[in-house]
1. How many Cβ atoms of partner chains, on average, are near each residue of B:25-37 if near means within 10 Å of its Cβ?
2. Picking from A:VAL200, A:LEU177, A:VAL415, whose Cα lies most toward the positive end of the charge dipole for the protein assembly as shown (charges on Cβ: Lys, Arg +1; Asp, Glu -1)?
3. Taking 0.36 nm per intervening residue step and subtracting the Cα-Cα distance, what contour gain separates A:LYS11 from A:THR129 on full extension?
4. Can you compute 3J(HN,Hα) from phi for each residue in region A:174-180, using the Karplus curve 6.51 cos²θ - 1.76 cosθ + 1.60 with θ = phi - 60°, rounded to whole Hz and x for Gly and Pro?
5. State, to one decimal in nm, how far the label point of A:GLU172 lies from the label point of B:HIS17, with both points 7 Å from Cα in the Cβ direction.
6. Taking only protein heavy atoms and a 1.4 Å probe, what accessible area per residue, in Å², does the protein assembly as shown have with all protein chains in place?
7. So what is Rg over Rh here for region B:4-138, counting just Cα atoms and using Kirkwood for Rh?
8. Tell me which of B:THR131, B:HIS56, B:ASN113 sits at the most positive position along the dipole axis of chain B, charges placed on C-beta atoms (Lys, Arg +1; Asp, Glu -1).
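The values are calculated or read from the model by the stated rules, or taken from the named source; none is laboratory data. All values reported here derive from a predicted model rather than from experimental measurement. All Cβ positions, glycine included, derive from the backbone under ideal geometry; neighbour counts span all protein chains shown. The protein model used for the area step is the full one, side chains on, heavy atoms only, and it has no ligands, DNA or RNA in it. Shrake-Rupley method; radii C 1.70, N 1.55, O 1.52, S 1.80 Å.
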Amino acid sequence: MTSEYIVFEEKYCTGCTQCIRACPIKAIRIKNNKAVCITSLCIGCGECIRVCPEGAISSAISDEEPLEKEKINVAIVSPILYAQFPGFMPNDVLLGLKQMGFDHAIDLSYYLEMFQYAVEEFIARNRKTNMAPWPLISPICPVVNQLIAIKYPNLLDHILPLKHPAGLVGNEIRKKLSQEHGVKEEDVILYHITPCFSKVVSDRSGLMAELSYMDKAIGINKIYPGLLQKMEEIKDFELNLFPYEHFSFAPGARGPMWGMSGGEIAGMKLEKVIAVSGFKEIIAYIEKIEMGLLKDMEYIEFRACSEGCLGGPLTAVDRYLAKSTVQKFLKIFGIGRRVQRKKVHMLYEKGWFFSELKPSELADSYYLKQTPLTIEDIKKIENLISVIQGNDCGACGAPDCKTFAEDVARGYADVEDCFKMRQG
Amino acid sequence: MPSFKKCFNIRSRDFIHAGEASIAVQQLLKQMHVDSNLIRRIAICGYEGEMNVVMHGGDGLFCVEIDKNKIVLNISDDGQGIKDIAKVMEKGFSTATDEYREMGFGAGMGLPNMEKNADNMIIESENENGTTVQMTFFTKSA
Ligand SMILES: Nc1ncnc2c1ncn2[C@@H]1O[C@H](COP(=O)(O)OP(=O)(O)OP(=O)(O)O)[C@@H](O)[C@H]1O
Ligand code: SF4
Ligand SMILES: [Mg+2]
């Protein structure tokens, strides 16, 4: 049983019901004592992975295949990776990746900073044109994007139509490196080293399409053990064995900070901004926007994972430990800006930052994957809920009585699955 | 086809639960794949109406009635009522206290916005005798 994001391993599942309650979009049921996912609804938030006490749920993206020697293998590194190694510096991490066999390890920090400029620019212009509705929403978190696409499609035009920084890099780097190495573009293989399922989103929908420039995704948690081992080995090495490389980590804590809630907006020249993290919290805010509130805010950094991407479903260490590592980088590197405004400005004018498809153009193709309920259905549902008079016990396999009643109306479940109804 | 009707209680001055009825209605309409622009209008009207009851009215009832061609919100309360209906419909008119203004309310835009977003709105009120606001939204252009 798998969705594009998640694998459920039946043999370990005890049917304990933890995951059905944790799933924020109610996409999991227990059938015949095993967890089953309504895959078309899954948005890859990873909540089920986090709560499963049996380790029966894991990520569906894998790094099982070894690197292909004859290709140019490139690691595109989310700076969240640095925060996983308290005893090391960002450059150690990049070197470790090279020791693992990557020909290049490219730090995303610089591109994150470019992205921040683009956001400022977009907002400054929108103040004049009012083309997009306030408040604007950060396009970074794939879970947020999908949540909005599926449940709040009328808010899609609040999402900035800017490319994810990893997508910005991908396009550039492939060309550059294929020239540098004199190989075909398709022989440059880009690996997105990531805390979450952002790339998968681009593969399955038109959202964040720029991430399909990446050939593969590797979860931080998958690469962690091997990388740590290589990094320990390097400690005993002569550092100058490694030539300086254009793409290595350029000191600055802006990149690593990106992983904390508020890290994207930190240091932006904007005042009416707010960072919200955690699924419950973002839903509360999204609902406010839907009711026409928060119009006096200009930009909202939503992150589905609480505390931000440091708490991503594919990270390796505890989010608070990771945060403390980032705070250490902050002390050492500061958060000065390195990107030149002029250059960014030029690229912005050229349209370099813009996604090929605006999120709002996806409203029709990517939303509610469930069949609509009719007036008859909702009557049946209300009626059933009042007959059951239950307390969301979960014994029927649905997370709560309301969802069970909906399942019955849709024909996914039988009234008799509820023990109260069986007793008559 | 018979219609579906559901009501929610609203409690006067209960800011913790304020807005929940509108959210529940919104969710229901989404599950029915009602046009998202229409849902947005209903959400705005529902929320403004619900907040008015919480702030200015008494305890009340928030009812939604859905049938094939239209959706009706009926928001009533047993509070102080409205003396001069024409007056409260003016943009910017508000009797909100300083305390409410600090919470971000009191622009006097609630009722005008409701009128703008609903296809039809009727307010009935007798001073001291509560208020009923009924808003109709047509789902299909008849
Ligand atoms: N249910 C009600 N009971 C009694 N008075 C009401 C009720 N609803 C509205 N009013 C009166 O009408 C006035 C205008 O309402 P309106 O919703 O337009 O503005 P507001 O609630 O004061 O401010 P805003 O909605 O912009 O936060 C209120 O200030 C209040 O005096
Ligand atoms: S908060 Fe960050 S790690 Fe979590 S899903 Fe969103 S982008 Fe990915
Ligand atoms: Mg009002």
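1. Mean shielding count: 5.
2. A:LEU177
3. Answer, rounded to one decimal: 36.8 nm.
4. 4, 4, 4, 6, 5, 5, 4
5. Label-label distance for A:GLU172 and B:HIS17, simple model: 5.4 nm.
6. 45 Å²
7. 0.95
8. So the residue we want is B:ASN113.
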